[in-house]
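These notes concern the structure reproduced below.
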Amino acid sequence: MSMQTREGHEGTGPGAITPDGCAVELYERLSVGDEPEVIAAAAPEGARILELGSGVGRVTHPLIERGFEVTAVDESAEMLERVRGARTVRGSIEELDLRERFDVVLLASFLVHTGNVELRRQLLDACLRHVADGGFVLIQREGEDYHTNVPRERVDPNGFTIRIASVEPVEDGVNSIRAEYVFPDVTWTQTFRARPLTEEQFEEALGEAGLKVDRYLTEDRTWVKAVPVQRC
């Protein structure tokens, strides 16, 4: 399976770089945030979870430790080599068709904000295609000021700095974002394209894909539980 760099995406730094500009060695160093807690609070005990865009397993591994059965999907073989304890599937999310359904389908990492509208539709179609009757989709969306509160940075407790250095418009409704990850011994960068979505635009995109918001799971409304509108 060959991988081509996605338009407007690039990464710098040592090690393998994925088509969307993610550095594999960087993601091995990044700590997980509150994602496992949010997911575990929403998912039924022991649920079968389809994780779309798992990377090296930062979220996968804590979910497995909590007793969930996880199928981890990523287009990067180098990312999936780091995943332990889960069934792994190498492939693009938009083309995925496992011909099975899951209690929970997970679309995290702000993937719903891809700058490509057609790709966004395909990502959401993949979510709908794989969610079981009575199941739901968990989606992580950007914070309200993600594209405007720039530059900004935070120092991770592990001693490195994550910085959103710039946000530049490149086409109608799409921005080019440059992120920097500064460690004492090395720096990685990632440049990618993202489309900010108001809550109304986000819900409209879900509706076009046959999904609807069941509820927002966090106070900042960045985590969303979505359910199918209907089954055909």
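Bear in mind these aren't lab numbers, they're just calculated from the coordinates by the rules spelled out. Every value quoted in this text rests on a predicted model; they were computed, and no experiment measured them.
Brief remarks follow.
- Entry note, the range 1-117: relative contact order of 21 percent, from Cα contacts under 8 Å with a spacing of 6+ residues.
- Between the amide H of ALA108 and those of LEU52, GLN140, distances stay under 5 Å, these residues lying 5 or more places away or on another chain, with hydrogens modeled in the peptide plane.
- Placed amide H near VAL89: partners under 5 Å, 5+ positions off or other chain: ALA72, VAL73, ASP74
- Note on the chain: helix-only mean residue ellipticity at 222 nm, from DSSP H runs of 4+ residues weighted -39500 (n - 2.57) and normalised by residue number, equals -5500 deg cm²/dmol.
- Extension gain, GLU200 to ARG87: 0.36 nm times the residue separation minus the Cα-Cα distance gives 37.1 nm.
- Its relative contact order, with pairs defined as Cα atoms under 8 Å and 6+ residues apart, puts the chain at 17 percent.
- When volume of the Cα convex hull per residue in Å³ is calculated for this entry, the matching label among (i) 145; (ii) 125; (iii) 162 is (ii).
- Along the range 192-199 the Karplus relation, 6.51 cos²θ - 1.76 cosθ + 1.60 evaluated at θ = phi - 60°, assigns HN-Hα couplings of 8, 9, 9, 10, x, 10, 5, 4 Hz to successive residues, with x for each Gly and Pro.
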